Amino acid sequence: STVNAGCLYYRSLIFPSETDNSYVELTPKRPLNLQAFTLCMRVATELSGNREIILFAYRTTNILNTCKEKLSLYLSASSGATFQVPDLGALQSHLCFTWDSGSGATALFMNGKKSLTKIYRKNHNVSSGGKTILGQDPDSLLGDFEADQSFVGEINDVNMWSSVLSDRTIQDMFSGMRVPRPDVLDWKTTQLQKHGGAEILTTE
């Protein structure tokens, strides 16, 4: 089913259990043809250990994944930029990944605090034509899901910009202050389509 959220004040996605069919597809405002981005979300999960947890997936002939393997950003299937940070838990964490193709500069913000900067996939680009989903890791364009890679928990406030936001802007976002409206994924207006056992909770 589809929720069009033009008038909704708050939305949150719940993934109750491990499955190979529960996910939510997001419709971006513009194609993901990107040479830089800031991707932010609020996440809570009680999954622990070394189990791979996919938080956000965008699949084309190349790949854009964020996952809880210490917290990693993957722009290719073979290698990622991984950051050692405190484990996610039942209390929500605010996460932002930033990446710039020209320099390769990649960083993670967790609850407003910035990681060290790593150089990753310099001169790469994220190409259009893919599907944007939460809750599963697609091994094909939109399928071949595995239950042991599924997300279990809650995700909300997923926003994406086609530029690297300043440190201060990301810190303001964590604090709940107004920031520039996202030009790629805007949680307040993005159409969500749920599948399987995923639930969309809304508060008007």
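The values are calculated or read from the model by the stated rules, or taken from the named source; none is laboratory data. Quick caveat: nothing in here was measured; it's all calculated off a predicted structure. Glycine also receives a Cβ, built like all others from the backbone with ideal geometry; neighbour counts cover every protein chain displayed. These accessible areas exclude ligands, DNA and RNA; they are computed on the full protein's heavy atoms, side chains included. Shrake-Rupley method; radii C 1.70, N 1.55, O 1.52, S 1.80 Å.
For the reader, a short list of remarks on this structure follows.
- The calculated FRET efficiency for N111 paired with T202, based on their beta-carbon distance and R0 = 35 Å, is about 0.90.
- Computed over segment 14-108, the P(r) curve from all C-alpha pair distances, binned at 10 Å from the origin, holds 13, 49, 33, 6 percent per bin.
- Among N50, Q92, L39 the positive-end extreme of the charge dipole of segment 1-127 (Cβ point charges): L39
- Applying 0.36 nm per residue to the separation of N21 and S103 and subtracting their alpha-carbon distance, the gain on full extension is 25.8 nm.
- Extended-chain gain in nm, criterion 0.36 nm per residue less alpha-carbon gap, K29 and R181: 53.6 nm
- Relative contact order of the chain, pairs being alpha-carbon contacts under 8 Å that are 6 or more residues apart, as %: 40 percent
- Per residue solvent-accessible surface (Å²) - the chain, probe of 1.4 Å: 46 Å²
- Cα point-scatterer Debye curve for the chain, base-10 log of I(q)/I(0) at q = 0.15 Å⁻¹: -0.90
- Exceeding the 30 Å Cα-Cα cut-off - candidates K122/K194; K113/K188; K29/K122: K122/K194
- For S127 and S166, the difference between the fully extended length at 0.36 nm per residue and the C-alpha to C-alpha distance is 11.7 nm.
- Apportionment of accessible area to carbon and sulfur, the chain, percent (1.4 Å): 47 percent
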